[in-house]
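Everything below concerns the one structure shown next.
All of the numbers you see were taken from the coordinates with simple rules; none came from a lab. What you see is a predicted model; the values in this text were computed from it and never measured. In this analysis, Cβ positions are derived from the backbone assuming ideal geometry, glycine residues included, and neighbour counts consider all displayed protein chains.
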Amino acid sequence: MKNSHKITVLGQELSVLSDSEDEEVANVVQFVNEKMEEVLRSGNGIKTLSVAILAALNISEELLILKGVNRDLCDQIERRAEKLIQLIDEAN
């Protein structure tokens, strides 16, 4: 069931619906605000929309990198599991 959460992102108050608990929503909001603050610190007088877009791009880049790392780790685990199964089969 979706719960309504009042959040503030870059000074903008919003009401969002989420299945997540309050703490999880707060963590996401904190993360997004930190990313936006990073963008604000790196530029002079950037408009709010530009800050949001640049923060979204930065977050997306991190996500895609982590997805790639996760995929690589899953592939490694799968290969190791297959080797272990093969070793067990050969031992029997």
*What are the aspartates and glutamates whose alpha-carbon lies under 17 Å from the alpha-carbon of Lys6, with same-chain residues fewer than 8 places away excluded?*
Asp19, Glu21, Asp22, Glu23, Glu24
_List the lysines whose Cα sits under 27 Å from the Cα of Lys2, skipping any in the same chain fewer than 8 residues away._
Lys35, Lys67
*Once you list every other residue whose beta carbon is under 15 Å from the beta carbon of Asp75, what net charge do they have if Lys and Arg are +1 and Asp and Glu are -1?*
+2
*Taking amide H positions as placed in the peptide plane 1.01 Å from N, state which residues far from Val9 in sequence (5 or more) or on other chains have amide H under 5 Å from it.*
Leu14
*Tell me, what ³J(HN,Hα) does each residue in segment 71-88 have, in order and in whole Hz, if you take phi through Karplus 6.51 cos²θ - 1.76 cosθ + 1.60 with θ = phi - 60° and put x for Gly and Pro?*
4, 4, 5, 5, 4, 4, 5, 4, 4, 5, 5, 5, 5, 5, 4, 5, 5, 5
